[in-house]
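Below: one structure, written as structure tokens.
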Amino acid sequence: MGSRWSPSLAVVPRFQASKGADLADQRHSILLRRLLSGLMLPALLSVLLVLPQPSLAASGGRIGGGSFRSAPSMPRGYGGGYQRGYGGGGNRGGYGGGFGFPFIVPFFFGGGGLFGFLILMAVVGLLVNALRGGGQALPAGGNGGNLDRYQPEGPVAIAQLQVGLLASARELQRDLRQLAGSSDTSSSAGLQRVLQDSTLALLRHPDLWVYANAEVGQVPFPSAESTFNRLSMTERSKLRSEVTSNVSGSISRDAGSAAGDADAVSDYIAVTVLVASRGRIPLNPVNGSEDLREALRIIGSVPSDQLLALEVIWQPEGAGDVLSADELLTAYPQRKHL
């Protein structure tokens, strides 16, 4: 009788031990996720504390628009799997596994700075969400609007090019002001024309280039819009006001300020071009005039069917405004002398 029951009694401890091990693994997994999530806030705060604060240097102008919800589907060859990342120069971004979604390693040029930090945080945000959600796959898109017609695939490239020119480039101010007053910013074709015309206007003043910085990164599609908006807000916050604005088909002017050329004592004019694209933007570091010339050609050639969003921001724009050397260097700390 005793020998008949002994095998079944021996099974119970083994089962309980296995169940206990599973519970311990689950607890460790939960603790790890909470630890990683808890570390994010202090890391974010510590970085923000050392970032330079924007300088309210002068009033400015802005041209932009675009939509991440009505974007065309990814061109053939950018579909699922995506074993090869893309980038400019010698940097590469690629997919990794283990978290239930394509993890993209961002790449940066020009020293990173706030631009690189925001790109990195966009990717880390998806990683933290995946950890909290148990590693389930993130949806490729959402419902509503034109998103029902396709599934967004692959990363979005976001590029930022900043150029500081001598204030004698007042013709550039007039060109951008004219673009803001006449451009169609409600369509991809119109935005692509703005991109071409603004980069061409910059290319026409190579003798007045003084400072420049080029940075590019790639983020997953779900976080591309919020990342682009943060970068746009960062650049716009450097302006005292937006005297001239043409965004998504809406043209407006600041009634309290008159648009016009910079004051004769102004040292510089600063222009920022921010682009989001479904295609590659292979920018290289800008260390000289030839590098800047090539960067302007590359960023200005992004085709309309890949252009998701565009911002062209410049200062000063108000009549008699001044952008001093100190204000330029404070507002654009990542710039390099050409």
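Quick note: the coordinates plus some simple rules give every number you see, no bench work behind them. Because the structure is a prediction, the values reported are computed rather than measured. Backbone-built Cβ (ideal geometry, glycine too); neighbour counts: all protein chains shown.
Can you run phi through the Karplus equation (6.51, -1.76, 1.60; θ = phi - 60°) for region 301-308 and list ³J(HN,Hα) in whole Hz, with x for Gly and Pro?
In residue order, the calculated couplings are 9, 4, x, 5, 6, 10, 7, 8 Hz.
Hey, got the dipole for region 280-338? About the Cα centre, +1 on K and R Cβ, -1 on D and E Cβ, debye to the nearest 20?
Values: 5 positive and 9 negative charges, 57 e Å.
I would put it at about 280 debye.
Please list, ordered by chain and number, the residues whose modelled amide H lies under 5 Å from the amide H of GLY65; skip anything fewer than 5 residues away on the same chain.
Under 5 Å from the amide H of GLY65: SER248, LEU310.
Could you give the length gained on full extension between GLU171 and ARG293, defined as 0.36 nm per residue of separation minus the Cα-Cα distance, in nm?
Computed gain between GLU171 and ARG293 is 42.1 nm.
Determine the relative contact order of region 154-227: mean sequence separation of Cα pairs under 8 Å and six or more apart, normalised by residue count, in whole percent.
The value is 61 percent.
Of SER245, ALA224, TRP209, which is farthest along the charge dipole of region 203-255 in the positive direction, counting Lys and Arg as +1 and Asp and Glu as -1 at C-beta?
Of the candidates, SER245 comes out farthest on the positive side.
Please report LEU165, LEU329 as a ranked list, fewest other C-beta atoms within 10 angstrom at the top and most at the bottom.
Ascending Cβ contact count within 10 Å gives the list LEU329, LEU165.
Which whole-Hz ³J(HN,Hα) couplings does region 310-326 yield from phi under the Karplus relation 6.51 cos²θ - 1.76 cosθ + 1.60, θ = phi - 60°, glycine and proline marked x?
9, 9, 10, 10, 9, 8, x, 10, x, 4, x, 5, 10, 10, 7, 4, 5
What percentages make up the Cα-Cα pair-distance distribution of region 176-230 when the bins are 10 Å wide from 0?
The percentages, shortest bin first, are 17, 34, 40, 9, 0.
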